[in-house]
Amino acid sequence: MALRLLPCLAIPCLAALGVLAQPTKEDLVIFRDPGKYSAFPSLHYDGERLWVSFGWNTTRSHYGGHAGGESGHYRFVSLDHGRHWIREDQEGYVGVPVKVSSLKLSDGTLVSAGARGWEEVKPQQIEEFRAKGLVLRELKSSGKIVACYRAYARISKDGGKTWESKDLVFPGIALLHGGPAGAIVLPDDTVLVPVYGCAREGQTGGNTWCLRSTDRGQTWELVPVAYDGKHPFTEWGVVGAGGRRVVGLLRCEGSDKINCPLYDIGFLYQVTSEDGGKTWSEPVRTPMWGYPPTLIRLRDGALLASYGYRRPPYGIRACFSYDGGRTWDWQKEVILRTDALPEGPGKGASIGDLGYPHSVELKDGRIFTVYYITLGDAVTHIAASLWSRDYLGPADLPRGEAAVPAPNPQLPPQHIIGEQGAVELIFGVTQSFIPTEPTVAAVAVRVAAESSEYPHTYGLFVVLRQPDAEGNWWGEWIAKSEELSPDQVKIGGWNLFRFDPPVTVTPGETYVLTVYNADYQPNPVRLKDGLEGDHRWILNAGGPDYPNGSLSPNDPRDLGFAVYGTLPDRLPEDPR
């Protein structure tokens, strides 16, 4: 059972913090262009001015200009706490000072460091990169092959007039990504940069590391932070919590290749270091659900975590810790936005693509949080919320882990080999069954056709699992079916997923089936109805107690399962 962090009880007097007498929150649009996919903002603040920068593409892709189409980068400045913004090509723009955009050490040295991101691999480099074990991605939309495998460091000893640049490559690392959180510097000038990736292609679980320098950026080591082979740890944020204590929050979402309890997916996991990032604790699941996180330390010592919320009601959230990250006040989780997919205004296609927030504390004690968000009109844009420390958001919404229904292992499994029609769902897009034959040769899945278009959905496959010795429904991964490509999936009808060779099972024991999206690929071909997701959130499945959809488990429009011991002569009839 995962450990839980308890809610914090020590809450400082709000009046002492200098916040406004009444809770306030104002939502602001920084940049919105229906022809541009604008995402992944960064944020800087010098005590007077705010700077926001972000990338944009004419294709909806996380690979930037490598995926084809036009791409670019915009920088904005605000001189009035975010209400009005001046773009860098407009009169009145002021660039962010280098001492603000970089880390400043005690002797005046400026340091900037991070992962380089996706880089194009030339044809003559492919075999060399493969021989090194690097992860390569072929982008179908552009035909390019890209890799993400190295970091950089830049150092200036003259206030930013000149810079020394270093490439940081670590042998034995197949994929090295940056994340939404930037580098931090501790009181003793130790520099830490959160990164993540994998040590080898196809490994289970996700690695997180931190780039660490104790000599003002001259040399760097890659320090392991979290890896257990089970959880898909990826993007994470880090903050100094006083002295040499460091707190990190890790995203646990985004992989369909590992044996991870589905209920754990989406919660933030915490790691801590008491020695300046040299060693780290084991990751512990917090009660905060959302991703990816960023962290800041406020003037009074409180920590603030900000994160996207990609489940109903989609939006942006935040949470405070008043004891250096030992506990989080999740019962007073701040709900900044709830109007994204699918509750946003407008009609047409929309997707749950949002988040990557950054927050700063303004001089008057208010918090400014920037993020990207997609409303019901499907225009992904850069927005922000300006809010007071005592703002909580809608009082009637559940918060933290109380908002996430836990799976119920007491629900009776279904005997469905050879049966037809929709079956009861246990949790999300998972169905249990007890086989009556010694093999499973195929599974039929009926995909509903009652929801909007989700451009981030690419193919489907089925995983067969068995509960572990403790009865955990999301236990041993036994086998994966063939993968159906987008053009093979029948929307609004039954699809057959074959296991070749058939999987041996034990009649009378309980097994579990789960339907997954195929890996995200930037491909203009897409499935349309009944599906949702970026990377792994999948089918319609549920009412208020089923987090991945809006239909009740017995609604005939919902998906259905049928399991076969041998290949069927025909698929089930549509129960409608």
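FYI, it's all coordinate maths here, none of it is from the lab. Keep in mind that what you see is a predicted model, and the values were worked out from it rather than measured. Positions of Cβ are backbone-derived with ideal geometry, glycine not excepted, and every protein chain shown enters the neighbour counts.
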> What's the extension gain from R498 to T436 if we count 0.36 nm per residue and subtract their Cα-Cα distance?
Replying inline: 20.5 nm
>> What's the ranking of 228-239, 209-220, 390-401, 102-113 by average number of surrounding C-beta atoms within 10 Å, highest first?
In response: 228-239, 209-220, 102-113, 390-401
> Local charge sum around R244 (other residues, Cβ-Cβ under 10 Å, Lys/Arg +1, Asp/Glu -1)?
Replying inline: -1
>> Using a 7 Å offset from the Cα along the Cα-to-Cβ direction at both I126 and K230, what is the distance between the two label points in nm, to one decimal?
In response: 3.9
> Among 435-444, 132-141, 265-274, how do they line up from the highest to the lowest mean number of other beta-carbon atoms within 10 Å?
Replying inline: 265-274, 435-444, 132-141
> Do you know the relative contact order of region 279-332, to the nearest whole percent, from alpha carbon pairs under 8 angstrom that are 6+ apart?
Replying inline: 26
>> How many angstrom lie between the Cα centre of region 95-145 and the Cα centre of region 49-69?
In response: 15
